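Undergrad: Sending over a structure as structure tokens; questions will come in a sec.
The numbers here are math on the coordinates, done by the rules we state, and not lab data. Only a predicted model underlies this, so the values are computations on that prediction, with no experimental measurement involved. Cβ: placed from backbone, ideal geometry, glycine included. Neighbour counts: every protein chain shown.
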Amino acid sequence: MLLRITHDTHYRYARPIDGAQHILHLRPVRTPLQQLLTHALVLTPEPDSRAQRVDIFGNHQKWLAIQHAHSELRVLATSDVRTSPPQAAPSTISWEDARHALSYRAGAHYDA
């Protein structure tokens, strides 16, 4: 399935602020069942500095700093993603058979 994801946030401050720092988590991750085709990020006003990293969980983080007076901030992220359905299990067993296979028996051999 092809998906287009749009995130649009618009902040309007009560009065102009001198500066701001933000961390964004808007880029979808790639997984075996999800392929990121495109990703675009439009920021208004344009940040004075940016940095990005991938956290320990594989999430993309974008850090930005606006170091001048501004009265609003708009963040527009657009991503195209292709998803695939999970594959069915090759074989299934009844819950009774699973219970029996996983029951503790002293001295019994267990498959890992």
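Undergrad: Averaging the inverse of every distinct alpha carbon separation and then flipping it gives the Kirkwood radius. What is it for the chain, in angstrom units?
TA: Working: mean 1/r = 0.0546 Å⁻¹.
So the Kirkwood estimate lands at 18.3 Å.
Undergrad: Would you work out the charge dipole size for the chain about its Cα centre, treating the Cβ of every Lys and Arg as +1 and the Cβ of every Asp and Glu as -1, and quote it to the nearest 20 debye?
TA: Around 120 debye, computed over the chain.
Undergrad: At 7 Å along Cα-to-Cβ for each site, give me the label-to-label distance between L37 and A98 in nm.
TA: Reported label-point gap for L37 and A98 is 3.5 nm.
Undergrad: Less than 15 Å Cβ to Cβ from E72, Lys/Arg counted +1 and Asp/Glu -1: what total charge do the surrounding residues give?
TA: 0
Undergrad: In a shell of Cβ-Cβ distance under 14 Å around I23, excluding I23 itself, what net charge do Lys and Arg (+1) and Asp and Glu (-1) give?
TA: +3
Undergrad: Something else about it: Be a star and scan segment 28-47 for residues whose amide nitrogen sits under 14 Å from the point 7 Å along the Cα-to-Cβ vector of L3.
TA: 28-38
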